[in-house]
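Here's the structure, in structure tokens; my notes come after.
The values are calculated or read from the model by the stated rules, or taken from the named source; none is laboratory data. These numbers were taken from a predicted model, which means no experiment stands behind them. Quick reminder, even Gly has a Cβ in these numbers, built from the backbone with ideal geometry, and neighbours come from all protein chains shown.
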Amino acid sequence: MSDIRFLAIGFLSTFIGGMLLSPAVIWCAKRLKANQSILKYVEQHDAKAGTPTFGGLIFLISVSLVIAIFGGFRYALCRTATVVFVAYGVIGFLDDFIKVKLKDNKGLKAYQKIIFQFGVALITAIFAYRSPYIGSEIALNFSLPSWDMGYFYIPFAIVTFIAMSNGVNLTDGLDGLAGTTTAIYSATFMALILIEYLDAVEYGKTQYAMELKYLMLLSVCVIGGVLAFLWFNNHKAKIFMGDTGSLALGGYCSAVALFIKNPLISILVGIMMVISCISVIVQVVSFKLRGKRVLLMAPFHHHLELKGINESKIVGYYAIITLIAGVTALTII
């Protein structure tokens, strides 16, 4: 089976699996009255009250099953990245479950969520540091030599996981927003892995090439699973991904960037997630120090909403900027 055919079948299998699974997940969520609590101070979202959550299960289950069926768990990079994807999804599931059970929008306490995220990040960072395929070096791009971070790599990787997972979580505020941006992010990293894979094949690094091939499979499967979810999440959404989905995608985004030794490029490719994080930090700091808000509301996409920009247009803008950032990333590696 050619590599392209292998990846195409993986993508289609995940997409079709997600499409078949989606109605069941939506039905179960509605039956269990697993409705997302809507922020009362976002008037534009009043009509979304009653929309079920836990939609992240659509791509969590479909991706994991396809990876297992295709033998991805035999390869360390794919196996670990998939476990991280699922582990962060489980943290998000607990958060969503508490929200649904208590009919409140708070879920896990902030420190509880950070502790769980830190635990998964620490284990994964140690794996990466000790892995013969990763180690402590990261690429600096622009044809600069790589940087060996030594032991500092472990705290750096932990920060990357926590920042990225929360970045995707904060971006998940409009129908299709987090799903669209992470699908484009995943497509970009699939291309980056492909470049690395072709180099490994050319230089006869057979085992490393196989590791990269299955890491590529995970990327295309994430795209397929997320697209199936977006079929039901485009405006007006029939289901939300919830923290189940957003934290899982954040964990995946971090793992794939670290595992190809290119975490810095994720700042560019995930630029809209970075903006979501920065907008919240700036808003909180400004209010604490000056008693004034910089934005009408944070994260930034809610500010745009309150400025009167249509929700679908905001999603379109975020997608276009992410796509441009992805293409730019491919030109500077």
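Checking the structure you have, find out if any residue of the range 14-25 is among the hydroxyl-bearing types (S, T, Y), at pLDDT 95 or above and within 22 Å of N166 (Cα to Cα). Talk me through it step by step, then tell me what you get.
Filtering the range 14-25 down to residues among the hydroxyl-bearing types (S, T, Y) leaves 14, 22.
Those left that are additionally at pLDDT 95 or above: 14, 22.
Add one more test, that the residue is within 22 Å of N166 (Cα to Cα), and what stays is none.
Among the residues of the range 14-25, not one is among the hydroxyl-bearing types (S, T, Y), at pLDDT 95 or above and within 22 Å of N166 (Cα to Cα), which makes the answer no.
Could you tell me which numbered condition L144 fails, if it satisfies all but one of (1) crowded, with 21+ Cβ neighbours inside 10 Å; (2) within 25 Å of T322 (Cβ to Cβ)?
Here L144 clears every test but (1).
How many of the residues in the range 139-159 are touching a Leu at 6+ places or on another chain (Cβ under 8 Å) and within 12 Å of L122 (Cβ to Cβ)?
Here is the first cut: in the range 139-159, the ones touching a Leu at 6+ places or on another chain (Cβ under 8 Å) are 139-141, 146-147, 154, 157-158.
Next, from what is left, pick out any that are within 12 Å of L122 (Cβ to Cβ): 154, 157-158.
Result for the range 139-159: 3.
From the list I158, I138, I134, I123, which one is touching an Asp or Glu at 6+ places or on another chain (Cβ under 9 Å) and of a type in the set (V, I, T)? Can you show your working first?
Numbers: I158 fails: touching an Asp or Glu at 6+ places or on another chain (Cβ under 9 Å); I134 fails: touching an Asp or Glu at 6+ places or on another chain (Cβ under 9 Å); I123 fails: touching an Asp or Glu at 6+ places or on another chain (Cβ under 9 Å).
Residue meeting the stated conditions: I138.
Could you give every pair whose Cβ atoms fall below 8 Å, whose first residue belongs to the range 240-264 and is within 14 Å of L215 (Cβ to Cβ), and whose second residue is of a type in the set (S, T, N, Q) and not in a helix (DSSP H, G or I), counting only separations of at least 6 or pairs across chains?
Note: pairs meeting the criteria are K261/S146; N262/N141.
May I ask you to list the residues in the range 175-214 that are under 18 Å from the mean Cα position of the chain (by Cα), farther than 16 Å from Y252 by Cα and part of a helix (DSSP H, G or I)?
Answer for the range 175-214, where residues must be under 18 Å from the mean Cα position of the chain (by Cα), farther than 16 Å from Y252 by Cα and part of a helix (DSSP H, G or I): just L177.
List pairs: first in the range 143-169 and over 20 Å from I333 (Cα atoms) and modelled with pLDDT of 95 or more, second assigned to a strand (DSSP E or B) and of a type in the set (V, I, T), Cβ under 9 Å, 6+ apart or cross-chain?
Taking only residues 6 or more apart or on different chains, the pairs are Y153/I138; F156/I138.
Would you confirm whether any residue within the range 76-98 is touching a residue at least 40 places away in the same chain (Cβ under 8 Å), of a type in the set (K, R) and either over 27 Å from A8 (Cβ atoms) or in contact with a helix residue (DSSP H, G or I) (Cβ under 9 Å, 6 or more places away or on another chain) (or both)?
no
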